[in-house]
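Novice: Questions regarding the structure given below will be posed in turn.
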Amino acid sequence: MMLAESPLMKISRGIDAWLRLVAHAFSWALLLLVFAVCLDVVTRKIGLQVPGLGSTRLQELEWHLQAILFCAWIGYAYTRDAHIRVDVLTSGLSHRTKCIIEIAGCILLAFPYLLVALPYAHQFMMVSFHQGEGSPNSSGLPYRWIIKAALYAAFWGLMLANISVLLKNIAMLVSGDAEAERAANA
């Protein structure tokens, strides 16, 4: 007999689905990044000039695309436990103890950090937008606010990911549910 999924797990799965959608929607940036790097290397080696796309613009485009990839994928990576984690201290602990540590980390470290960082990231983006900030290089890319908006969105993605991880771990502790335990480890 299959037990009904807890409300906490339903919310967590919804958040995870949204973060997965965002990560997949921006995966196209990886192809553009590969193309930009190849184009930059080839044009530099043979001395070819692409009209409107000099080496400075291509290099800036490369780091913009890398930043977009990182910002779009960071929340999803956390929900999938694909981030860097030092398991030396927790490797011998029970799953229940690991859940308690994860909950404490979300509440005591991640959420306070994000609550401080989000307003600053918003202001960072808005100032850039209102100033019409572009590259400091005359031949660089305009619209620097776009990449700053990606950073702001990344903080929101991390906020959602932390909520999801927190809910999964609480569901596992409350119910001891094997499904919640698998989801917390997914």
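Novice: Using only Cα positions of the range 127-175, each an equal point scatterer, no hydration layer, compute I(q)/I(0) via Debye at q = 0.16, 0.17, 0.23, 0.24 Å⁻¹ and quote the log10 values to two decimals.
Specialist: The Debye formula, applied to the Cα set alone, gives -0.58, -0.61, -0.81, -0.84.
Novice: While we're here: Once both axes come from the Cα atoms, what is the angle between helix 7-25 and the longest principal axis of the chain, in degrees from 0 to 90, rounded to 10?
Specialist: So the helix axis and the longest Cα principal axis differ by about 20 degrees.
Novice: Compute the long axis of helix 145-175 from its Cα atoms, compare it with the longest principal axis of the Cα atoms of the chain, and write down the angle in degrees, 0 to 90, nearest 10.
Specialist: Taking Cα atoms only, the helix is inclined about 10 degrees.
Novice: Would you tally the net charge around MET125, using a Cβ to Cβ cut-off of less than 15 Å, leaving MET125 out, and scoring K and R as +1, D and E as -1?
Specialist: Numbers: positive: ARG144, LYS148; negative: GLU133.
For residues surrounding MET125, the net value is +1.
Novice: ARG96 versus VAL174, label points 7 Å from Cα toward the beta carbon: distance in nm?
Specialist: Computed distance between label sites ARG96 and VAL174 equals 1.8 nm.
Novice: When the helix-only estimate is applied to the chain (DSSP H runs of n ≥ 4, each -39,500 (n - 2.57), divided by the residue count), what is the mean residue ellipticity at 222 nm, nearest 500 deg cm²/dmol? Could you put the intermediate results ahead of the total?
Specialist: Numbers: 7 runs with 134 residues, N = 186.
Calculated from helices alone, the mean residue ellipticity at 222 nm is -24500 deg cm²/dmol.
Novice: What lysines could a cross-link reach from LYS168, if we take a straight Cα to Cα line under 18 Å and drop same-chain neighbours fewer than 8 places away?
Specialist: Result set, ordered by chain and number: LYS10, LYS98.
Each reported figure results from applying straightforward, stated rules to the coordinates on display, with no laboratory input. Just so you know, these numbers come straight off a predicted model, no measurement behind them. Glycine also receives a Cβ, built like all others from the backbone with ideal geometry; neighbour counts cover every protein chain displayed.
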